[in-house]
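Everything below concerns the one structure shown next.
The values are calculated or read from the model by the stated rules, or taken from the named source; none is laboratory data. The structure displayed is predicted, hence computed values, not measured ones. A quick note on method: Cβ atoms are made from the backbone with ideal geometry, for glycine too, and the neighbour counts reach across all protein chains shown.
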Amino acid sequence: MNIVIADDYQDCVRHLDCFPKLKDHQVTIYNDTVKDIDQLVQRFEAADALVLIRERTRISAALLERLPNLKLISQTGKISAHLDFPACQARGITVCEGGGTGSATAEMAFLLMLASMRHFTTEVQRLKDGLWQGHLGRQLSGKTLGVLGYGRIGEQVCRVGQAFGANPLVWGSENTQAKAAAHGFAVAASRAAFFEQCDVLSIQLKLSAQTQGYVSAADLACMKPDALLVNTSRAGLIAPGILAQALKAGRPGFAAVDVYEEEPVFGANHPLLALPNCLCTPHLGYVEKDNYEVFFGTAFDNINAFAAGRQQNVAV
């Protein structure tokens, strides 16, 4: 099969242990992202199968109409709004998916929490600049760790936070609240109480039509002036533009974000990057070797099964 792998920013896929699974296929890998539909057609038009790295490229109905050779999309992770699934079904294109454990993203959330609370990057730079201690940080132990959403990753954040000595506090849908309570975690009395009580708030919701813009300006205005907001999930969960405004107003006092409305971000062209009270990283949450071996190993297995006349992990 003719396979195209898009958006391999780090040129790492061909170095994965699982990559030889594609040895019997013709593989083309692109290390950058293009959004123009004509450019995407030029890259994808000969492909029998596409391997998508999460949601980095949008696959629209208009694009699919111009890809008559495409038979299979093997998605790393779960399909989301980036993929017009009904259009795939209408054109007879099989879509397969598969996921990792979520551990890498949970770990990233704590990396951002601890680095922010201890002024880690600033202190490292001070030492390189010939200076010594400059800030008094805070510990996570004893703090109220708000977790917005209680799926696989949200549960991990609660359990790891508890191991650090933090006090997890959950908010989300009724099902979310019931599941968290059944696992022994505290649930906020109300939405307003959740945002008011958090010392650290980690967003772990899944982005959907229902959760788009879930966090409002009013929610952020409820937060403590020394609270930390961490987003390793999706930028679209926060209403557009309001996080930068809230940080300038001082509620919350600090944020750490790994996700942006439009990615990749080049030229430091994002308002959060200019704020001294925001730690920004380039969507590293799931980008980790062990996680990639699972993501791509499954995606490549799905391709080989399809080529052999079988279908597995088909999205429904």
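Side notes on the structure shown:
- Of the criteria (1) within 22 Å of Gly236 (Cα to Cα); (2) of a type in the set (A, V, I, L, M, F, W, C); (3) surrounded by fewer than 24 Cβ atoms within 10 Å (Cβ to Cβ), which one Ala188 fails: (1)
- Count of residues meeting criterion [in a helix (DSSP H, G or I) and more than 23 Å from Ser103 (Cβ to Cβ)] in the stretch 139-174: 1
- Single condition Glu262 does not satisfy, out of (1) surrounded by fewer than 17 Cβ atoms within 10 Å (Cβ to Cβ); (2) closer than 30 Å to Glu123 by Cβ; (3) charged (D, E, K, R): (2)
- Matching residues in the stretch 156-178 - criterion: being touching a Gly at 6+ places or on another chain (Cβ under 9 Å), surrounded by fewer than 23 Cβ atoms within 10 Å (Cβ to Cβ) and within 25 Å of Lys78 (Cα to Cα): Gln156, Ser173, Thr176
- Matching residues in the stretch 13-27 - criterion: being assigned to a loop (DSSP other than H, G, I, E, B) and within 16 Å of Asp290 (Cα to Cα): Leu16, Asp17, Cys18
- The single condition among (1) touching a Leu at 6+ places or on another chain (Cβ under 9 Å); (2) surrounded by fewer than 19 Cβ atoms within 10 Å (Cβ to Cβ); (3) outside the structural domain of Ala235 (by TED's automatic domain parsing) that Ser74 does not meet is (2).
- Some residue of the stretch 163-177 being under 19 Å from the mean Cα position of the chain (by Cα) and within 24 Å of His283 (Cβ to Cβ): yes
- Each residue in the stretch 194-211 was checked for being surrounded by 14 or more Cβ atoms within 10 Å (Cβ to Cβ) and either over 18 Å from Phe110 (Cβ atoms) or of a type in the set (A, V, I, L, M, F, W, C) (or both), and 12 pass.
- Residue satisfying condition, being in contact (Cβ under 8 Å) with a residue 60 or more places away in the chain, out of contact with any Phe, Trp or Tyr (no Cβ under 9 Å at 6 or more places or on another chain) and not in a loop (DSSP other than H, G, I, E, B), within set Ala81, Ala104, Ala115, Ala62: Ala115
- Reported count of residues in the stretch 115-172, each being over 29 Å from Ala186 (Cα atoms) and of a type outside the set (Asp, Glu), is 15.
- Take the conditions (1) part of a helix (DSSP H, G or I); (2) in contact with a Gly (Cβ under 9 Å, 6 or more places away or on another chain); (3) free of Cβ contacts under 8 Å to residues at least 40 places away in the same chain; Ala109 misses just one of them, which is (3).
- Selection within the stretch 212-244 - surrounded by 23 or more Cβ atoms within 10 Å (Cβ to Cβ), more than 16 Å from the chain's Cα centre (by Cα) and among the small types (Gly, Ala, Ser): Ala227
- Residue in the stretch 139-155 that is surrounded by fewer than 17 Cβ atoms within 10 Å (Cβ to Cβ) and among the aliphatic types (A, V, I, L, M) present: no
- Selection status of Ala87, touching a helix residue (DSSP H, G or I) at 6+ places or on another chain (Cβ under 6 Å), assigned to a helix (DSSP H, G or I) and in the same structural domain as Ala166 (by TED's automatic domain parsing): no
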